[in-house]
Amino acid sequence: MVKKTVAAILFGLLIGSAAFADEKDCKPLDDVIKHWKLNMHHPASESTVNKVCLQNRQALGLQQVEAENKENNIEKQTKEEAVHENKQCTRKYLELINTLCQETEHMLGLYHLDEAKRSAKMPGEEAATEQHRQSARQYLGRATVDTEVPEMITLSPRFRVYEFTLKKGEQTNSWIQGEVETTAFIHVFETTNDAFEVRYKNGEVIKVWAGETVPKIPNGPFKIVATDDTTVLIIVDK
């Protein structure tokens, strides 16, 4: 229903109808706005949103060209004036739909960003996290998304400790590495228990909960996975 309604608005307004040509005031779009806000931001409608928003931007671009051409060759005949009024209404509709598109895309971006944050904490969900990360980038931009859910974080030497608080079954939402330039040593320990393990990107696992020790020089990027609620502290030095 929503898809048909929006498509009809876009294409119907572009070709112009006799009813609109006889009117100088644009009809309200209350129903369109209501349906859009209730349905078009839902993840299941995402492909429809992309299609409609692209069509709208293309149509809005054509309207701009037609408006510029009209200014260079103004027709004063009654029929042409009616058509001009119709095009003005069409442009207002398109601009409104474009605004709704921007709002919807932003909401979709936030949805995928939240899903990326959620799945990033779950071991084995790296593929899903990357998919949501890519979708979020499409709507919110790479800089915003990579700041919120970075694939990799680099720990620099400093006097303060890095603290990671995890619930049972959670993992750090990014791969962790030290600065290569400083040949940093990474000392991993915790304050409450040994309920965690270190999983390297190459597949190696250090089971701290079973008494295994994490080497000071990590064997590549790693993630910390909690086997129970725990707080893990890391100190990095040269």
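Assuming a ≥ b ≥ c are the square roots of the Cα gyration tensor eigenvalues, decide whether the stretch 152-237 counts as rounded (a/c under 1.5), prolate (otherwise, with a/b larger than b/c) or oblate.
Details: a/c = 1.64, a/b = 1.39, b/c = 1.18.
It comes out prolate by the Cα gyration axes.
Mind scanning K167/K216; K121/K238; K121/K207; K201/K238; K117/K207 and naming the pairs with a C-alpha gap bigger than 21 Å?
On the way: K167/K216 24 Å; K121/K238 29 Å; K121/K207 18 Å; K201/K238 23 Å; K117/K207 25 Å.
Over 21 Å Cα-Cα: K167/K216; K121/K238; K201/K238; K117/K207.
Net charge around N193, counting only other residues with Cβ within less than 9 Å of its Cβ (Lys, Arg = +1; Asp, Glu = -1)? Please report the intermediate quantities before stating the final value.
On the way: positive: none; negative: E190, D194, D228, D229.
Here the charged neighbours net out to -4.
What does the charge count near T213 come to, summing +1 for each Lys or Arg and -1 for each Asp or Glu among other residues with Cβ under 11 Å from its Cβ? Working shown, then result.
Working: positive: K207, K216; negative: D194, E212.
Its environment carries a net charge of 0.
Once amide H atoms are built 1.01 Å from N in the peptide plane, which residues 5 or more positions from E170, or in another chain, come under 5 Å H to H?
Correct list: A226.
Count the net charge of all other residues whose Cβ sits under 14 Å from the Cβ of R118, scoring Lys and Arg as +1 and Asp and Glu as -1. Working shown, then result.
Numbers: positive: K117, K121, R133, K167; negative: D114, E115, E125, E126, E130, E148, E170.
Here the charged neighbours net out to -3.
For the charge dipole of the stretch 152-237, defined by +1 on Lys and Arg C-beta atoms and -1 on Asp and Glu C-beta atoms about the Cα centroid, which residue among A195, L155, A226 has the Cα displaced farthest towards the positive pole?
L155
Values quoted throughout were computed directly from the atomic coordinates according to the rules given, and no laboratory measurement underlies them. Values in this document were obtained by computation on a predicted structure and should not be read as measured data. Cβ: placed from backbone, ideal geometry, glycine included. Neighbour counts: every protein chain shown.
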